[in-house]
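The values are calculated or read from the model by the stated rules, or taken from the named source; none is laboratory data. Just so we're clear, the structure is a prediction, and the values are computed from it rather than from any experiment. As a convention, Cβ positions derive from the backbone with ideal geometry for all residues, glycine included, and neighbour counts pool all protein chains shown. Note: areas computed on protein heavy atoms with side chains; ligands, DNA, RNA excluded. Shrake-Rupley method; radii C 1.70, N 1.55, O 1.52, S 1.80 Å.
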Amino acid sequence: MITLVSRLPLYWAFRRFGWPKLYPFSLVLSVSYRCNSRCRTCGVWRRSADDMTLDEWQRVFRHLGRAPFYLTFTGGEPYLRPDFAELVIAAYEECRPAVITIPTNGLLSERIAAATARICAACPGSEIGLNLSLDGLGEEHDRIRGVPGNWERALATWQLLKALQPEHPNLVLSVHTVISRFNVERFGEIYAGLQALEPDSYITEVAEERVELDTVGWEITPPAEAYAPVADFLSAEARCRTARGLARFTLAFRAQYYQLARRVLREQRQVIPCTAGWASGHIAPDGDVWTCCVRAQLVGNLRQTGYDLAPIWFGEEMARLRRSIAAGECACPMANASYANMLLHPPTLTRVAWEVLR
């Protein structure tokens with residue numbers, strides 16, 4: 001973490017002056033669009049792509065080197081790839097990220113547990129954050145996720161993952177809820193029920209109309225007035241929890257994020273400057289490079305550059321898209337990009353530091 005903090009002024013300069021040229025410290029890697037869920041808040045399973053092979057991803061990681069601090073492996077359902085564990089391990093061997101995050105729907109219990117154990121054992125220097133997606137309780141979750149029996153299968157996966165923790169202390173288990181118009185009114189009950197699982201961490205994200213997820217026009221985002229009390233509740237919960245070390249900073253950032261998301265929904269603008277395209281980015285399954293998955297606007301393909309991100313990340317098309325982002329031509333509460341944005345926003349950093357110190 002200290003290494004990342006020491007690099008933040010360089011990212012401020014990169015966004016303001018275009019120099020020094022830096023790779024993103026936070027990258028989302030979509031390894032496949034294939035998914036065994038049929039969620040009411042996501043249509044990514046309807047997309048198709050010529051997925052990059054393990055060898056291709058290894059070449060991408062080799063070019064990235066030690067730049068990434070935070071890697072997120074997502075899909076679709078990432079564990080549907082039979083070589084998923086090898087893919088994550090390859091990233092660790094080349095990049096040595098401090099944090100690796102993996103969201104899952106929990107449907108493939110035995111495969112998820114076995115692959116996660118392999119990843120944790122082979123990546124001892126990284127915190128492995130496994131996020132189990134639960135958007136409701138019991139049959140409500142099944143209806144939102146479009147799979148009968150999803151709840152029970154997800155709970156079975158959770159128990160298998162819990163059993164791994166004594167042997168793998170770098171495994172952090174989180175429950176992740178997508179807050180949408182389908183569950184926002186019952187969020188208090190859902191939150192209380194999910195706490196019985198005793199997750200190491202509980203995180204939420206707002207359902208959005210994203211190009212990547214093929215949800216534009218679906219009207220899945222909760223109304224700003226309905227989300228506001230949820231945001232206040234989550235911020236208060238984050239401030240009340242006791243934690244030590246890095247976890248204290250994480251909770252302080254979450255308390256700030258929920259208020260940021262609340263304002264973005266209400267004001268429909270970039271409340272703080274977006275740094276997607278500078279500090280964070282996204283690579284699609286076929287090697288397409290985006291600043292983020294909300295716009296999912298193509299700026300280049302890694303297969304056309306020998307799997308080297310540099311010609312794309314520092315190219316003119318990316319520079320043009322950065323100008324659009326800097327001009328505030330888009331706004332969203334996407335969590336992954338928002339945390340990078342907050343790290344690079346001095347007033348937010350000040351508030352986080354105050355929360356931690358008090």
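Here are some notes:
- Candidates Leu160, Leu130 - the one that is within 17 Å of Pro78 (Cβ to Cβ) and open to solvent by 20 Å² or more (accessible area, probe 1.4 Å): Leu160
- In the set (1) over 18 Å from Tyr307 (Cα atoms); (2) modelled with pLDDT of 95 or more; (3) loosely packed, with under 15 Cβ neighbours inside 10 Å, the condition left unmet by Asp55 is number (1).
- Qualifying residues in the range 100-111 (those that are more than 18 Å from the chain's Cα centre (by Cα) and not in a loop (DSSP other than H, G, I, E, B)) - the one surrounded by the most Cβ atoms within 10 Å (Cβ to Cβ): Ser109
- Residues of the range 20-31 classified as surrounded by 23 or more Cβ atoms within 10 Å (Cβ to Cβ) and either over 21 Å from Ala335 (Cβ atoms) or among the basic types (Lys, Arg) (or both), total: 0
- Exactly one residue among Phe61, Phe14 is in contact with a Phe, Trp or Tyr (Cβ under 8 Å, 6 or more places away or on another chain), buried (at least 17 other Cβ atoms within 10 Å of the Cβ) and of a type in the set (Phe, Trp, Tyr), and that residue is Phe14.
- Unique residue being in contact with a Phe, Trp or Tyr (Cβ under 8 Å, 6 or more places away or on another chain), among the acidic types (Asp, Glu) and open to solvent by 30 Å² or more (accessible area, probe 1.4 Å) when the list is Glu185, Glu198, Glu209: Glu209
- So Asn170, is it touching a helix residue (DSSP H, G or I) at 6+ places or on another chain (Cβ under 6 Å) and open to solvent by 10 Å² or more (accessible area, probe 1.4 Å): yes
- Residues that are over 18 Å from Leu22 (Cβ atoms) and either buried (at least 21 other Cβ atoms within 10 Å of the Cβ) or of a type outside the set (Ser, Thr, Tyr) (or both), drawn from the range 318-335: Arg320, Ala327, Gly328, Glu329, Cys330, Ala331, Cys332, Pro333, Met334, Ala335
- Residue that is assigned to a helix (DSSP H, G or I) and not hydroxyl-bearing (Ser, Thr, Tyr), where the choices are Arg295, Arg303: Arg303
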